[in-house]
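Read through the structure below, which is laid out as structure tokens, and then see the notes.
The values are calculated or read from the model by the stated rules, or taken from the named source; none is laboratory data. Everything quoted here is computed from the prediction, not taken from an experiment. Neighbour counts run over all protein chains shown; Cβ positions are idealised from the backbone, glycine included. We work out accessible area using only protein heavy atoms, side chains counted, and drop any ligands, DNA or RNA first. Shrake-Rupley method; radii C 1.70, N 1.55, O 1.52, S 1.80 Å.
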Amino acid sequence: MDYKDIATPTRTKALLHQYGFNFKKSLGQNFLIDVNIIHNIIEASNIDENTGVIEVGPGMGSLTEQLAKNAKKVVAFEIDQRLIPVLKDTMGPYNNVSVINEDILKADIASYVKTELSDCEKIMVVANLPYYITTPILLNLMQQDLPIDGYVVMMQKEVGERLNAQVGTKAYGSLSIVAQYYTETSKVLTVPKSVFLPPPNVDSIVVKLMKRSEPLIDIDDEQRFFKMTKAAFSQRRKTINNNYQSLFVNGKANKADIVKWLEAAGIDPKRRGETLSIKEFGLLYNELKNFTELAF
Ligand code: SAM
């Protein structure tokens, strides 16, 4: 039987009607109804018959079916139990899709990767994300040391711009540093509101994040490094020196020690956090071992 693409207004509306489905705003449910956008996402993902895909939030399967046509295997995590019978129906023609009715933030992804995707040569995360949890989803996946090669993900435009921001720009901050520490980021395309049902209140962007083959900087404790970088942005208009006053030993560090530490790493204490590259933050972090009085 020849099926019309799910990512079309007619098929999506027919499914909504057939299942009496009403959207839950609280779950970030904005379904894609333009198959061209999906083709762009698939193309940017470089998926082939040896690729395993992790999808977050398949909805009614608009992206999932196109992934199934191009990848070896798709494992799709959907929290909304009401969508499971819909997906059983729409994914019926594909034998390479597993739908998991779990919260992506709680699921044991490592064990699903082992059981479902161990015969895949590479693994990509491809998704039209639920926007209300974009950052926790990406940080959780990146920081788990999973065998994920990259991400092609749709999200709110502002978040995508932060992930992809260059040093010295307004969007550059601690989120840019975490993302770019683990991955090389690039913008794929911006997406108009009209390609969703219902249209979201915010603009959207598709971002690509490919895992780095070599670490950008040498860090012994990533969580401690991220805590240090975050503190540099706690008040964006302040200098790095002033922002760091509150990080160390419950805000009681000797100001002179902080200045010495910054200068030892070659950083002018009057600079602001947003002007420091990740490599400079790396120098600063590695200089900490010579300043044992600066504890956090
Ligand atoms: N992929 C579909 C599409 O593009 O048409 C739906 C995308 S919609 C923006 C986000 C989807 O994520 C919804 O189906 C929603 O139910 C699901 N979702 C929301 N929170 C989730 C969570 N914590 N874990 C897994 N799925 C979630």
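Residue check: is PRO130 closer than 25 Å to ALA68 by Cα, of a type outside the set (D, E, K, R) and away from the ligand (no atom under 16 Å from the Cβ)? Criteria not met by PRO130. I'm checking my understanding of the structure. Among residues of segment 14-34 that are near the ligand (Cβ under 10 Å from one of its atoms) and assigned to a helix (DSSP H, G or I), which one is surrounded by the fewest Cβ atoms within 10 Å (Cβ to Cβ)? That would be SER26. Inspection of segment 6-13 finds a residue satisfying the criterion of being open to solvent by less than 60 Å² (accessible area, probe 1.4 Å), in a loop (DSSP other than H, G, I, E, B) and under 23 Å from LYS73 (Cβ atoms). Of the strands (runs of 3 or more DSSP E) lying entirely inside segment 35-116, those containing at least 2 residues that are at pLDDT 95 or above and under 19 Å from the mean Cα position of the chain (by Cα) are 51-56, 73-77. The single condition among (1) within 23 Å of SER118 (Cα to Cα); (2) in contact with an Asp or Glu (Cβ under 8 Å, 6 or more places away or on another chain) that ILE84 does not meet is (1).
Residues are listed down the side, and each one gets a yes or a no for (1) farther than 16 Å from LEU276 by Cα; (2) free of Cβ contacts under 8 Å to residues at least 12 places away in the same chain:
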| residue | (1), (2) |
| --- | --- |
| VAL152 | yes, no |
| ALA165 | no, yes |
| GLY168 | no, no |
| GLN180 | no, no |
| VAL195 | yes, no |
| PRO199 | yes, no |
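For VAL195, the conditions (1) under 18 Å from VAL126 (Cα atoms); (2) under 19 Å from the mean Cα position of the chain (by Cα) all hold with the exception of (2).
I'm trying to understand the selection: among the residues of segment 237-275, which are open to solvent by 40 Å² or more (accessible area, probe 1.4 Å) and within 30 Å of the chain's Cα centre (by Cα)? Correct list: ARG237, LYS238, SER246, ARG271, ARG272, THR275.
Scan segment 1-32 for residues that are among the hydroxyl-bearing types (Ser, Thr, Tyr) and touching a residue at least 40 places away in the same chain (Cβ under 8 Å) and jot them down. Scanning segment 1-32 gives TYR3, THR12, TYR19, SER26. Among the residues of segment 119-155, just one is buried (at least 22 other Cβ atoms within 10 Å of the Cβ) and small (Gly, Ala, Ser), namely ALA127.
Within segment 151-185, the set of residues being among the polar types (S, T, N, Q), touching a Lys or Arg at 6+ places or on another chain (Cβ under 8 Å) and in a strand (DSSP E or B) comprises THR183, THR185.
I'm checking my understanding of the structure. Among residues of segment 53-80 that are among the charged types (D, E, K, R) and open to solvent by less than 50 Å² (accessible area, probe 1.4 Å), which one is farthest from the ligand (Cβ to nearest atom)? This residue is LYS73. Filtered by the rule that a residue be farther than 14 Å from ILE54 by Cα and either surrounded by fewer than 18 Cβ atoms within 10 Å (Cβ to Cβ) or outside the structural domain of ASN50 (by TED's automatic domain parsing) (or both), segment 81-118 gives GLN81, ARG82, ILE84, PRO85, LYS88, ASP89, GLY92, PRO93, TYR94, ASN95, LYS106.
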